[in-house]
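Student: Here it is, the structure, as structure tokens.
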Amino acid sequence: MTTEQRVKQEFESLKGQFVITQSHRIERLVAIGEDEHDLYYITYDGRKLTWNTCVGRLMPLKGYLRDMDYSEIVRLATLNHYDQKSYWRDNDDKSEQHKIDVEKDNIRGTDKFISDLCWDLN
């Protein structure tokens, strides 16, 4: 199995879930990307995307935390993350525009997404 296949397989099993990044942040895994140098796990903190090199590891939280604790993280994200309708009080336009802006602002040079962005909370 190639590195890209392994990363895609891991993404499929974790997409939309909260993970701990190699920078010790709890963020939601939303995509994978690449540039001419590396593959990246792309995480979302509720406001912006972060490109985390796949050389580092992700630590999944779902299934490792108590269900009630993981559900609390999801509940707080539902209320506070800009991509969620509930943040904008059911104003679809603002949450959708935020997603478009975030995606557009994260493509520079040879950067590209090699998966669709997963905005679902899992």
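Student: Residue farthest toward the positive end of the dipole of region 3-106, with Cβ of Lys/Arg at +1 and Asp/Glu at -1: which of GLN97, ILE32, LEU58?
Tutor: Result: LEU58, furthest along the dipole toward the positive end.
Student: Distance cut-off 18 Å, Cα to Cα: go down the list LYS48/LYS94; LYS15/LYS62; LYS8/LYS112; LYS15/LYS48; LYS8/LYS99; LYS62/LYS85 and report the pairs above it.
Tutor: Long pairs (Cα-Cα over 18 Å): LYS8/LYS99; LYS62/LYS85.
Student: Return the sequence-ordered ³J(HN,Hα) values of region 43-54 in whole Hz as given by the Karplus equation 6.51 cos²θ - 1.76 cosθ + 1.60 applied to θ = phi - 60°, using x for Gly and Pro.
Tutor: Whole-Hz 3J(HN,Hα) from phi for region 43-54: 10, 10, 9, x, 10, 9, 8, 10, 8, 9, 4, 6.
Student: For the chain, what does the relative contact order come out to in percent, with C-alpha contacts under 8 Å and a separation of six or more?
Tutor: Relative contact order of the chain: 28 percent.
Student: List the GluC sites (Glu not before Pro) within region 13-59 that DSSP assigns to loop and that have no more than 13 neighbouring Cβ atoms inside 10 Å.
Tutor: Passing sites in region 13-59 are GLU36.
Student: I'd like the distance between the alpha-carbon centres of region 87-122 and region 12-27, rounded to an integer number of Å.
Tutor: 17 Å
Student: While we're looking at this one, here's another question. Hey, fewest Cβ within 10 Å first, where do THR78, THR2 land in order?
Tutor: By the 10 Å Cβ count, ascending, the order reads THR2, THR78.
Student: Using a Gaussian network for the chain with springs between C-alpha atoms less than 10 Å apart, which of these wobbles most: ARG108, ARG75, ARG57?
Tutor: ARG108
Student: Place a +1 charge on the Cβ of each Lys and Arg in the chain and a -1 charge on the Cβ of each Asp and Glu, then give the dipole magnitude about the Cα centre in debye, rounded to the nearest 20.
Tutor: 340 debye
Student: Report which label in (1) 13, 39, 28, 14, 5, 1; (2) 13, 45, 33, 9, 0; (3) 10, 21, 16, 14, 18, 16, 5, 0 holds the value of P(r) over Cα pairs in 10 Å bins from 0, in percent derived from the coordinates of this structure.
Tutor: (2)
Student: Once you've got the GNM for the chain with C-alpha springs shorter than 10 Å, pick whichever of SER95, SER13, SER71 has the biggest mean-square fluctuation.
Tutor: Answer for the Gaussian network model of the chain: SER13.
Student: For region 1-32, state which trypsin sites (Lys or Arg not before Pro) are in a DSSP loop and have at most 15 other beta carbons lying within 10 Å of their beta carbon.
Tutor: Passing both the DSSP loop test and the Cβ count: ARG25.
Student: To continue, here is another question. Test of understanding: in a Gaussian network model of the chain with alpha carbons linked when under 10 Å, which of HIS37, HIS98, HIS81 would top the mean-square fluctuation ranking?
Tutor: Comparing HIS37, HIS98, HIS81 in a Gaussian network model of the chain, the most mobile one is HIS37.
Student: Moving on to the next point. Count the net charge of all other residues whose Cβ sits under 15 Å from the Cβ of MET1, scoring Lys and Arg as +1 and Asp and Glu as -1.
Tutor: Summing Lys/Arg as +1 and Asp/Glu as -1 gives -1.
Bear in mind these aren't lab numbers, they're just calculated from the coordinates by the rules spelled out. Keep in mind it's a predicted model, so treat the numbers as computed, not measured. Every residue, glycine as well, gets a Cβ built from its backbone with ideal geometry; the counts of neighbours run over all protein chains shown.
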